[in-house]
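Everything on this sheet refers to the single structure shown next.
The values are calculated or read from the model by the stated rules, or taken from the named source; none is laboratory data. The shown structure was predicted, so the numbers you read here are calculated from the model rather than taken from an experiment. Every residue, glycine among them, receives a Cβ derived from its backbone with ideal geometry; neighbour counts consider all protein chains shown.
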Amino acid sequence: MIYRFLTEAAEQILQAERAALLALRHPLTLLDAPAEDMALLDRAIVQLDELFLLVVVGEFNAGKSAVINALLGQRLLEEGVTPTTTQITILKYGEAEPADAVASPADSGPRDTAIITCPLDWLRDINIVDTPGVNAIMRQHQQITEEFVPRADLILFITSADRPFSETERLFLQRIREWGKKVVVIINKIDILDGPADIERITAFVETNGRALLGRHPTIFPVSARLARIAKETIDADERTRNWAASRFEALEEHILRALDERQRLKLKLTSPLGVARRLADRYVQATQARKELLREDVTTTRTVEAQITAYQDELRRDFKYHLSHVDNVLYAMTERGDRFLDETIRLGRILDLVNPDRIQSLFERAVVADTAAEIETHTQDVIDWMVSQDYQQWQDITEYLRRRAAHHGEHMIGQIASQPSFHANRRALLDSVGRAARETVAGYDRDAEARALAESLQMAVAQTALVEVGAIGLGALLVKVLAATLLDVTGLLAAGTVALLGLYLIPAKRRRAQVEMRAKIRALRAQLNQALTDQFEHELGRSTQRIREAIQPYIRFVDAQQVTTAQVEKDLAESIRTMDDLAEQIGRL
């Protein structure tokens, strides 16, 4: 900042403000602030070292160039009824010379900035900027103006007495208000009005609307720039005095050249970049709150999926007991048939059958074993089909939930905070990837293959538990082998023991022993089958839920990381705002 003097207190504020603005870059970077916002903050930092910038804005034909020429006391800028100002024009202190177009340091595009020098002493500390009309035919003109306004330390807003506060001017003032800039409103062309009453009426109208648009009482100067310039160019003293009084320009000139002394300019100079930074901070506080809200919804999403998985596990375990009871009932029925068979077979009247092991074995298998293997296989297959169906349904439920979530995301999240493109892009990509994984699982779900794999796995578990060779046989045939291996020694013991003892009085004891042995064997078989089915059920349940958890894990990691980042950003922004508010108070006390 170029000043003729700078007090120690002002220098400390200047350095603290520069540090505060630099510190604001960190949270904005974490929030993926777009390049234009970062450039805006960087320009605010650079602005601290620039001359006081007086920016003149308004509609074309409102007389912006005429006001500047009147201030300068000479016609340096072209005036006209068409949009004569087509670029940014900066008036600086220096020897008078023709306008020289140079590339604008604040503009990376093809547009130019014209620089005009003028040897007026008060321009040593002030640069005046003339901008294209905010309603110019070329939209590029308005864009130039809106890009330059944030750099202003003081804005002269020119409106015409014949159409004060047009719609485009209202919209533009609302934009200026967002930047928190100091605005002086100039009502030009009062010479076309009928008299003082009209001037007062127009001034009151502008004051009322300006207060509504700017949120505070604006400083207003009704003037005639044309009469002021004529007065300064007129040699005749009386005519000069008459035109100068009629122009009412002295109050405006006094305000700009004398009321805005170096102390006031310093305060405005320090306040302006701070206002830009404060506005950015406020915007990103809102962005942070919106992001927190989205992350809360994401946490709800992940918790809902996890709760759904837990409920799914609980429900399946509960229902599994019901399905397992069917297998138990088959074996209980076989136990009852076995008891009846032994009661009917191990007695004296069946002695010939008892001494014939093959005969006993055949009778036992028909009467006791019967269709046990087939029934167990049927119920086991029912369990397998049920597990596969539940797994498929769970994936469908997850898919549908994520589809609805993604639809909500599309309606309320994309573009909601345009300043955070990476956050939204990553978030959407992860949510889509989870949903896509679920959809692909459902789309490629082969129930037959899943059931076949589960049956083969169960078959192996049963065989290993019962120590029976599997071979190339199905589950039903395997169960027959298990039953035969388990119960053969019961019937063999009956036949061999009966023949060996020859003590007919021992038959009732032998029968009781056989029943006890048989029940123990069936209980062991039931326990083996239950354990095999339960182990396989838990294995498949764990595999199913693990696939879902793995599918959503990247999304969960993203949400967790963003929560940490957002909390840090919230803390940093709050600290930046506290610092800037404290600096604003210090500037006010200068």
Problem set entry | Qualifying residue in the stretch 107-126 (condition: modelled with pLDDT of 85 or more, under 46 Å from the mean Cα position of the chain (by Cα) and not aromatic (Phe, Trp, Tyr)) | yes
Seminar exercise, completed: For the stretch 240-268, pairs from a residue that is assigned to a helix (DSSP H, G or I) to a residue that is acidic (Asp, Glu), with Cβ under 8 Å and 6 or more apart or across chains, are TRP244/GLU250; ALA246/ASP191; SER247/ASP191; GLU262/ASP125; ARG265/ASP125; ARG265/ASP153; LEU268/ASP153
Exercise. Within the bounds of the stretch 565-572, is there any residue that is touching a Lys or Arg at 6+ places or on another chain (Cβ under 8 Å) and either under 24 Å from GLN390 (Cα atoms) or among the polar types (S, T, N, Q) (or both)?
Worked result: yes
Exercise. Does the stretch 290-309 include one or more residues that are loosely packed, with under 13 Cβ neighbours inside 10 Å, of a type in the set (Gly, Ala, Ser) and at positive phi?
Worked result: no
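Per-residue answers, yes or no, for (1) more than 30 Å from THR301 (Cα to Cα); (2) more than 33 Å from the chain's Cα centre (by Cα); (3) in a helix (DSSP H, G or I); (4) without any contact (Cβ under 8 Å) to a residue 12 or more places away in the chain:
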position	(1), (2), (3), (4)
LYS521	yes, yes, yes, no
GLU538	no, yes, yes, yes
ASP560	no, no, yes, yes
LYS571	no, no, yes, yes
THR579	yes, no, yes, no
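Of all residues in the stretch 74-106 being among the small types (Gly, Ala, Ser) and at pLDDT below 85, which is nearest to ARG240 (Cα to Cα)? It would help to see each step written out before you state the result.
Residues of the stretch 74-106 that are among the small types (Gly, Ala, Ser), as a first pass: 80, 94, 96, 99, 101, 103-104, 106.
Filter once more, so that each one left must be at pLDDT below 85: 80, 96, 99, 101, 103-104, 106.
Values: GLY80: 23, ALA96: 25, ALA99: 29, ALA101: 35, ALA103: 40, SER104: 39, ALA106: 41 Å.
Residue satisfying both the conditions and the ranking: GLY80.
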Problem set entry | Subset tally (residues that are free of Cβ contacts under 8 Å to residues at least 24 places away in the same chain, among the polar types (S, T, N, Q) and closer than 13 Å to ASP162 by Cα) for the stretch 183-211 | 1
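Of these, LEU352, LEU363, LEU402, which one is modelled with pLDDT under 75, among the aliphatic types (A, V, I, L, M), assigned by TED's automatic domain parsing to the domain that holds ARG526 and surrounded by 15 or more Cβ atoms within 10 Å (Cβ to Cβ)?
Among LEU352, LEU363, LEU402, only LEU402 is modelled with pLDDT under 75, among the aliphatic types (A, V, I, L, M), assigned by TED's automatic domain parsing to the domain that holds ARG526 and surrounded by 15 or more Cβ atoms within 10 Å (Cβ to Cβ).
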For this session: Could you tell me whether THR271 is modelled with pLDDT under 90, in a helix (DSSP H, G or I) and not assigned by TED's automatic domain parsing to the domain that holds ILE548?
Result: yes
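Can you pull out the helices (runs of 4 or more DSSP H) entirely within the stretch 1-76 that have at least 3 residues that are under 30 Å from THR234 (Cβ atoms) and free of Cβ contacts under 8 Å to residues at least 24 places away in the same chain?
Values: elements: 8-30, 35-47, 64-72.
In the stretch 1-76, no matching helices (runs of 4 or more DSSP H) lie anywhere.
Among the listed residues ASP282, ASP319, ASP314, identify the single one that is surrounded by fewer than 17 Cβ atoms within 10 Å (Cβ to Cβ) and outside the structural domain of THR545 (by TED's automatic domain parsing).
Details: ASP319 fails: outside the structural domain of THR545 (by TED's automatic domain parsing); ASP314 fails: outside the structural domain of THR545 (by TED's automatic domain parsing).
Testing whether each residue is surrounded by fewer than 17 Cβ atoms within 10 Å (Cβ to Cβ) and outside the structural domain of THR545 (by TED's automatic domain parsing) leaves just ASP282.
Filter the stretch 216-239 for residues that are part of a loop (DSSP other than H, G, I, E, B) and either within 20 Å of SER166 (Cβ to Cβ) or modelled with pLDDT of 90 or more (or both) and give the result.
Taking the stretch 216-239 first, the residues part of a loop (DSSP other than H, G, I, E, B) are 216-218, 223-224, 234-236.
Scanning the stretch 216-239 gives PRO218, VAL223, SER224.
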For this session: Determine, yes or no, whether GLN586 is surrounded by fewer than 19 Cβ atoms within 10 Å (Cβ to Cβ), under 30 Å from ILE384 (Cβ atoms) and not β-branched (Val, Ile, Thr).
Result: no
Seminar exercise, completed: VAL67 vs (1) closer than 21 Å to LYS267 by Cβ; (2) of a type outside the set (Phe, Trp, Tyr); (3) modelled with pLDDT of 90 or more: all pass except (1)
Exercise. Could you say whether any residue in the stretch 185-193 is surrounded by 21 or more Cβ atoms within 10 Å (Cβ to Cβ) and assigned to a helix (DSSP H, G or I)?
Worked result: yes
Problem set entry | Residue in the stretch 533-542 that is out of contact with any His (no Cβ under 8 Å at 6 or more places or on another chain) and closer than 17 Å to ALA287 by Cα present | no
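So that you can scan it fast, the table gives a plain yes or no per residue for (1) over 26 Å from VAL569 (Cβ atoms); (2) at pLDDT below 90; (3) touching a strand residue (DSSP E or B) at 6+ places or on another chain (Cβ under 9 Å):
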{"site": "VAL285", "(1), (2), (3)": "no, no, no"}
{"site": "GLU293", "(1), (2), (3)": "no, yes, no"}
{"site": "ASP298", "(1), (2), (3)": "no, yes, no"}
{"site": "THR301", "(1), (2), (3)": "no, yes, no"}
{"site": "PHE320", "(1), (2), (3)": "yes, yes, no"}
{"site": "ASP339", "(1), (2), (3)": "yes, yes, no"}
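Can you say whether ALA584 is among the aliphatic types (A, V, I, L, M) and free of Cβ contacts under 8 Å to residues at least 24 places away in the same chain, as far as the supplied structure shows? Before you say what the answer is, go through the steps one by one.
Details: among the aliphatic types (A, V, I, L, M): yes; free of Cβ contacts under 8 Å to residues at least 24 places away in the same chain: no.
Spelling it out, it is not the case that ALA584 is among the aliphatic types (A, V, I, L, M) and free of Cβ contacts under 8 Å to residues at least 24 places away in the same chain.
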